[in-house]
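In what follows, a structure is listed as structure tokens, so that the remarks can point back to it.
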Amino acid sequence: MKKKVHLLSASVMTAALVLSACGAGKEAAVLDGSKPYSLKYVVNQVGEIPTKGNEIEKAIMEYTNTDLNIQWIPASAYDEKVNVMIASEELPQLIKLGYNPTTIGALKNGQFWEVGPFIKDYPNLAAQSEEFYQNISVNGKIYGVPLFRDLGRATLHYRKDWLDTLGLQAPVTLDDWYNVMKAIAKKDPDKNGKDDTYGLVFDKKYNQEAASTLTRLAVSQGAPNKWAVDEEGNFTPEFMTEPYFETMKLVKRLYEEGLINQDFAVVDTSEIDKLYESGRAGIRFSGGNAQSWQDKVIKNVPEAVIDVAPVTGPEGRRLPGETGNAGFLAIPKKTVKTEEEMKLILKFVDQLMDPEMATLLVKGVENKHWKDAGDVTEVLDRDADLKEVKPYRDTMPNRNENYNIEKLAKQPDLFRKSQKFVKENDEFIVPNPALTLDSAIYSERGKELELMTTDAQTKYIMGQIDEAGWQAAIEQWKKQGGNQLMAEYKEAYLNINK
Amino acid sequence: MKQDKTIGNRLFDIINNSLLLFVALACSLPFIYVVAVSFTSPAQVAQGGIILFPKEWSLSAYRYIFSTDTLMRSMMVSIYITVVGTFINLVFTSLMAYPLAKRHLRGRRTIMMGVLFTMLFGGGLIPTYFVVKALHLTDTLWSLMIPTAISAFNLIVLKNFFQQIPDGLEDSAKIDGCNDLGVLIRIVLPLSLPAMATFGLFYAVGHWNQFFNAILYINDNTKWPIQVLLREIVILASGRIGDTNIDDAEIQPLTIRMAVIVFATLPILVVYPFLQKHFAKGAMLGSVKG
């Protein structure tokens, strides 16, 4: 009688296994070019996932002679999934990695090819500025090709109509900032009879990560970008420098006088966007382009005029340099066994930046996504561009319209002006000297340490601690690992710059 | 039922009712807000004008989310794993719980210890992944149903539930010529309907909310359940997850995000009231009539 129970469960189990069907066998790589090279490419998803075998993928496969198979992973869980793939050694031929402790560990373990020495053999890859590659280096070695992004993206966007009404200019010094902020908040530039407008609006990430508003403001005033380093290799975090502290003091004053949003410590970026787009806030640091703010704000405030200015301080243009990449493409040794095969993949990556491919990745298919309009190109269907082209534009290497693109797209003047400043920014960026430095305590407790100081900053700005309290927080930070972090950065820095 | 209308009683009623009303509102208002936003025109939302009732009705968000078949396809995947997965859960859980409820089963304690052990110590992410991979379950929907076929906690509760069923019932069934499986299917399970419905709902909600396993085990994006999509659409907009290239990404408008949430919640919300009554029944309906 018991047998029947076993029989039932056993048959269900077998059915499950049979239905699951085994995975396809491994294909042997063809290196001589007689057959398309079978290439699996793992990237993060951007927006909707394009259907397999669409026109763009077909064009890439034809041009590069590959049998391309792209696996998209949701951006929200990308790192976890990649960690599992690395741990289980279930890797494709080409994978997008982020610059984080786990991947750095895997790179150090030699699980990926070091491509640095080969870059010079590939014309398109070699044409890109050294800095892009330096920014993804691990112990001075380069393990991939970055997904290029602008190095200095910060520009200042502002409501020109407001500043004109108030008779003001885009702010330069901290005093300017105070005056502009006060005027916008108190002098009612939108003429609705209420004090319901702000200048700069802060969100809860105002002092974190690459796009930190506080860092952007402070750097313009002469502060370092996250870390300062002197000739002997001594590292000092930005928050221990004078210009940064002055900037913090300004923000504290703005908060006390109600000139910035009082809920800044808990507010999401998307909430902030709403304030800007509904015409309630007038000035912001932005990595985007001014035109998109203009387009959005006129839906709510038809008379709004947006303008853009470079980030400028008392010492002229100065802005924090960013990583210059949205991750990088690495080649696992597990799946790509020979140097020959690795070179084939590098060639594929290089080919993606040829003029024909660059145009395809940036603009899409001619006469479907864009058309030739004399001196410029025109986007034919914005929706199709976002749904069908953007996923490739964001996940395959290209320099947008800055490299190997024959004709620029037709764009409003404001967009071009934004772009111009971003391009010029390369000359004015302040690099972060600790960006690629190796530090054990950072990989272990970096976030925790950062949280100590960013929290203390918020408390200081909100008046919960005074200057002595802030100094105490710095001492605390030093004791809990800050000193070690500074020492480790120094050591790593001296090792590389010997 | 007749009640004493003393002042104390009335006061208690008033306080009690208003407290419950408050809790009920606190639970449902956010969802009502989400529904309202999803039906409002995007321009209205940008101005921040809506509170609980849209001023300008609009179906544009829903039109947008149904403009491609991605969402529908994921919905089908979710429905599939919920229905089939829950069925598998119930079959396996009851098949294991029933023998464990029998005192005469040899090795019962050892097996129970084994079950308890898995509740306290898990294999960890990577080893589990290896097991799933070795069974060739990766990239199939089975990977979302088989590894979670039996929840140790539910198993134990169900076992205890089965133990409450009087032995006399089964004895009489056996005298009438029923075998063990027959007793389970004809006598025990029909008596356990409320329990089965309860666990079915637990399991079903679990399957419906399936997210991380899907990311882990499924590479083919056409097999993603709805939660993966949902999280992608909602998280990308609110957190911006610190990725440097999100800054210039087109963020989906709030109305669309809300519409997706409503769409993803609807099915489970529709099913819930029908199963809910079984909760109320709670314990078994005892009777030793043959």
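The values are calculated or read from the model by the stated rules, or taken from the named source; none is laboratory data. Not measured: the values here are computed from a predicted model. Note: ideal-geometry Cβ built from the backbone for every residue, glycine included; neighbour counts use all protein chains shown. Just the protein is used for accessible areas: all its heavy atoms, side chains included, with ligands, DNA and RNA removed. Shrake-Rupley method; radii C 1.70, N 1.55, O 1.52, S 1.80 Å.
Of note:
- Remark: pairs (first residue in the range B:261-273, open to solvent by 40 Å² or more (accessible area, probe 1.4 Å); second residue at pLDDT below 80; Cβ separation under 9 Å; 6+ apart in sequence or on different chains) = B:I261/B:I233; B:I261/B:V234.
- Residue in the range A:424-444 that is part of a helix (DSSP H, G or I) and under 24 Å from A:L319 (Cα atoms) present: yes
- Condition check for A:Y133: under 30 Å from A:S418 (Cβ atoms), free of Cβ contacts under 8 Å to residues at least 60 places away in the same chain and either away from chain B (no Cβ under 12 Å) or part of a loop (DSSP other than H, G, I, E, B) (or both): yes
- Unmet criterion (only one of (1) part of a helix (DSSP H, G or I); (2) open to solvent by 20 Å² or more (accessible area, probe 1.4 Å)) for A:A210: (1)
- Elements of type helices (runs of 4 or more DSSP H) in the range A:227-338, at least 2 residues being away from every other protein chain (no Cβ under 14 Å) and either touching a residue at least 60 places away in the same chain (Cβ under 8 Å) or buried (at least 20 other Cβ atoms within 10 Å of the Cβ) (or both): A:242-256
- The set of residues in the range A:173-183 being surrounded by 17 or more Cβ atoms within 10 Å (Cβ to Cβ) and over 13 Å from A:E257 (Cα atoms) consists of A:L174, A:W177, A:V180.
- Scanning the range A:34-56 for residues that are more than 14 Å from chain B (Cβ to nearest Cβ) and closer than 20 Å to A:W370 by Cα, we see that the one that is least open to solvent (accessible area, probe 1.4 Å) is A:I56.
- Among residues of the range B:164-188 that are on the phi < 0 side of the Ramachandran plot, those with a beta-carbon under 6 Å from a residue that is open to solvent by 90 Å² or more (accessible area, probe 1.4 Å) and of a type in the set (A, V, I, L, M, F, W, C) at least six positions away or on a different chain give the pairs B:P166/B:V288; B:G168/B:V288; B:N179/A:M1; B:D180/A:M1.
- Subset of the range A:441-464 that is closer than 30 Å to A:S129 by Cβ and not polar (S, T, N, Q) - its residue that is most open to solvent (accessible area, probe 1.4 Å): A:K447
- The residue list A:N139, A:N234 contains one member that is under 29 Å from the mean Cα position of the chain (by Cα) and within 30 Å of A:K343 (Cα to Cα), which is A:N139.
- Counted residues, the range B:48-90 - those being crowded, with 19+ Cβ neighbours inside 10 Å and not in a loop (DSSP other than H, G, I, E, B): 13
- Qualifying positions in the range B:147-203 - assigned to a helix (DSSP H, G or I), within 14 Å of another protein chain (Cβ to nearest Cβ) and open to solvent by 30 Å² or more (accessible area, probe 1.4 Å): B:K174, B:D180, B:I185, B:R186, B:L189
- For the range B:219-231, the candidate set comprises residues that are surrounded by 22 or more Cβ atoms within 10 Å (Cβ to Cβ) and among the β-branched types (V, I, T); within that set, the residue that is farthest from the other protein chains (Cβ to nearest Cβ) is B:I226.
- Among the residues of the range A:382-396, those that are open to solvent by less than 10 Å² (accessible area, probe 1.4 Å), of a type outside the set (F, W, Y) and assigned to a helix (DSSP H, G or I) comprise A:V389, A:P391, A:T395.
- Residues considered: A:V362, A:V379. Of these, the only one that is under 28 Å from A:V305 (Cα atoms), β-branched (V, I, T) and either surrounded by fewer than 16 Cβ atoms within 10 Å (Cβ to Cβ) or within 14 Å of chain B (Cβ to nearest Cβ) (or both) is A:V379.
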